[in-house]
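The values are calculated or read from the model by the stated rules, or taken from the named source; none is laboratory data. Keep in mind that this is a model prediction, so the values were computed, not measured. Note that each Cβ is placed from the backbone with ideal geometry, even for glycine, and that neighbours are counted across all protein chains shown. To get the accessible areas, we keep the full protein, side chains included, count just its heavy atoms, and leave off ligands, DNA and RNA. Shrake-Rupley method; radii C 1.70, N 1.55, O 1.52, S 1.80 Å.
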Amino acid sequence: MKFSFLTSSFKADALNTRKHGDCYHDWINMARQKDRPKAFGRTLGHHTQVMLIDPEAVKEYFNHPARYIKHPEVLGPFFDLSKNGLVMMDGKLWRVHRKLIAQGFQFDHLKSMVPDMIEHCQREVAAIQSRATNMSRVSIFDEIKIIAGNVIGATFFGVRMGDYRIDGISPALYLTNILSDASCIPYTDSYAIGGNSLVKLKLFSDHKKLTEDITKFRNWCKGMIAEGMNERKRQHEAGEFEKKTIGYNMFDIFYQYNLENPTEPLTEDELIDEFITFFSDGVYTTGHFMTMFLHNLLLHPEWKVKVMAEMDEMFPKLEDVTYEKLQSMDTFTMV
């Protein structure tokens, strides 16, 4: 009886999720309450999820993430993708890796990267235009994810992502497909019954595909990272490697950390997982944001005119683009 109730209630929940979207469905139910709670929860199969609403509770969570345990069963397939990455870590290791990754976002360093980012974006857009005979049939969402991946790879890691393919597609698109599959599987009946332990058994085709895709992507990362770290080792042995204040990339940061911490260097898995964490967060979030941005500009052409006017006024030439000016674009930021 208990199992029957669990399955039927889960299916009803899944149908509502498909029709309205999970966040919408839960939010509407919460919003109907007279007194808004600081948080609300729901049961998904044998998991319990809690969503924070109160701003102070959200602030506490993000200011002190090391206090809150990230249970691997809750994180599900994402844990297998990058379990040693910053997002999945707790305690002392989280603090060490946070400090390490933060070096990639120093203000002066980001400022120095703007010209390179513009150049790479121009090159990627030109490539799309040259190979597309009919632009109306181009998947903008996929192309923006590829552009984001290639630009992040070039500027933050010094790697030409466009030169690589995994099963015939770009690493950025391959990774975002994994993230999409990993997001969907926790909403299946099989996951509600067996959780992530069942996924690892690869009894179902979607579980088998996700597991194999994660393995393929991690193996690709392993080879690519080995190339980057071996190049820094060669530079170091030749006396060419030096600590930089600007113009460095994440491989430089990782190698410098290992030089300064010879007894506790970053392991191979940690390097792979930090790359995946960094790369996926940049590609997935940027891809969604830019696609929705462009979509909404097309839906509201009057705002497109305003944004373009602001860009023309602030940047008569691409050489005029600077980090400071980008931060002062009021209309663009508002949209």
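Observations, loosely collected:
- For segment 208-231, the criterion of being modelled with pLDDT under 95, open to solvent by 40 Å² or more (accessible area, probe 1.4 Å), under 25 Å from M113 (Cα atoms) and in contact with a Ser or Thr (Cβ under 7 Å, 6 or more places away or on another chain) is satisfied by no residue at all.
- Selection status of A182, open to solvent by less than 20 Å² (accessible area, probe 1.4 Å), modelled with pLDDT under 90 and within 26 Å of I140 (Cβ to Cβ): yes
- Among the residues of segment 232-259, the one identified as among the aliphatic types (A, V, I, L, M), over 20 Å from E274 (Cα atoms) and open to solvent by less than 70 Å² (accessible area, probe 1.4 Å) is A238.
- Residue in segment 233-250 that is modelled with pLDDT of 90 or more and within 30 Å of I140 (Cα to Cα) present: yes
- Within this structure, S183 passes the test of being without any contact (Cβ under 8 Å) to a residue 40 or more places away in the chain and either touching a strand residue (DSSP E or B) at 6+ places or on another chain (Cβ under 8 Å) or in a helix (DSSP H, G or I) (or both).
- Test: residue in segment 155-164 that is among the polar types (S, T, N, Q), at negative phi and free of Cβ contacts under 8 Å to residues at least 60 places away in the same chain: no
Listed here are the residues, each with its yes/no results for (1) at pLDDT 90 or above; (2) of a type in the set (D, E, K, R).
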residue	(1), (2)
W94	no, no
Q106	no, no
P115	no, no
A126	no, no
F157	yes, no
R165	yes, yes
L173	yes, no
I178	yes, no
S197	no, no
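- Extreme residue, farthest from D281 (Cα to Cα), among residues of segment 157-170 that are touching a Phe, Trp or Tyr at 6+ places or on another chain (Cβ under 8 Å) and either among the hydroxyl-bearing types (S, T, Y) or open to solvent by 20 Å² or more (accessible area, probe 1.4 Å) (or both): D167
- The residues of segment 268-296 that are surrounded by fewer than 15 Cβ atoms within 10 Å (Cβ to Cβ) and of a type in the set (A, V, I, L, M, F, W, C), listed by number, are F289, M292, F293, L294.
- Residue in segment 302-324 that is in contact (Cβ under 8 Å) with a residue 12 or more places away in the chain, open to solvent by less than 50 Å² (accessible area, probe 1.4 Å), in a helix (DSSP H, G or I) and in contact with a Cys (Cβ under 8 Å, 6 or more places away or on another chain) present: no
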